[in-house]
Amino acid sequence: MQALLSGMRVVEGSAFIAAPSGGMTLAQLGADVIRFDQIGGGIDYRRWPVTDKGKSLYWHSLNKGKRSFAVDFRKPEGKELITRLICADGEDAGSVFWSHYTDEKNSPLYSFGFGLSYTSFKYSKIELSKNVLMSAKKDNLTASIKLTNTGDVKGKEVVQLYLHDRFASATRPVKELKGFEMVELDPGESKKVNFIITEKMLEFYSAKNIWESELGIFDIYIGTDSNTKRKASFKLN
């Protein structure tokens, strides 16, 4: 069978036969299918026919070609693990659609913020002044990177800051542009670029129908466009 779905990640969690059967077919077509189950198994875990030790032969056959793990859904840590898996970075991350053309990706040709330059730039890792932002105290933290012109000519780069709210009462963007700075550097020159993050930048129209911030974990992305994978995280307490 051709690997028509190579590069697609599918996260599967269901006790009903139709979903595992569909997941097995997607795996056979080349998708990376990752299945999660409740610790101890779901309601179909011991579906007949079974072995002498009570293991389901039927259920086992439906999970061929998949990766799988068991997790406690009832604990916050388990819910966070599953959410992080579903929202993990990767090709077409956050997308629930796919291309019906087998020779094309679903990602855009040019990411938001994309730009051309006569030179090239190197970004360092993101450094945070602290990992916890205190709510209602007019607190702030600084996210910094060092930008270096690695080319042979002078050039300008628009350094972009994106934020992501991992857990919110309403759906939030995978990456939300919150700031940018244009930097001009000579060949070999480096400059530290700082972004100050405040609680005000984390506010949104919540499920309570009010404009507010919500406590939790946030991801910071800094890079040349919205496709950047360079990330750091902090907590709003």
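The values are calculated or read from the model by the stated rules, or taken from the named source; none is laboratory data. If you're wondering where the values come from, they're calculated on a predicted model, not measured in any experiment. Positions of Cβ are backbone-derived with ideal geometry, glycine not excepted, and every protein chain shown enters the neighbour counts. Keep in mind that these areas ignore ligands, DNA and RNA; they rest on the heavy atoms of the full protein, side chains included. Shrake-Rupley method; radii C 1.70, N 1.55, O 1.52, S 1.80 Å.
Data table
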| quantity | calculated |
| --- | --- |
| Spacing of the two label points (7 Å from each Cα toward its C-beta) at LEU109 and ASN140, in nm | 4.1 nm |
| Accessible area (Å², per residue) of the range 117-237, counting only protein heavy atoms and a probe of 1.4 Å | 56 Å² |
| Shape of the range 167-217, Cα gyration tensor, a/c cut at 1.5 | prolate |
| Exposure rank, largest accessible area first [ILE86, ILE126; 1.4 Å] | ILE86, ILE126 |
| ASP32 - accessible surface, heavy atoms, 1.4 Å probe, Å² rounded to 10 | 60 Å² |
| Theoretical FRET efficiency, 1/(1+(r/R0)^6), r = Cβ-Cβ of ASP186 and ASN131, R0 45 Å, to 0.05 | 0.85 |
| Solvent accessible area, Å² - TYR123, 1.4 Å probe, full protein context | 30 Å² |
| Rounded if a/c under 1.5, otherwise prolate or oblate - the range 102-156, Cα gyration tensor axes | oblate |
| Accessible surface of the range 100-237 [probe 1.4 Å, protein heavy atoms]: carbon and sulfur percent | 52 percent |
| Heavy atoms of LEU177 accessible to a 1.4 Å probe, total area in Å² rounded to 10 | 70 Å² |
| Spatially proximal lysines relative to LYS192 (Cα-Cα < 16 Å; intrachain offsets below 8 disregarded) | LYS122, LYS125, LYS146, LYS156 |
| Gained length - ASP52 relative to LYS75, 0.36 nm times residue gap less alpha-carbon distance | 5.0 nm |
| Partners for LYS79 among lysines (Cα-Cα distance below 28 Å; same-chain residues under 8 apart left out) | LYS55, LYS64, LYS66, LYS130, LYS175, LYS178, LYS200, LYS208, LYS229, LYS231, LYS235 |
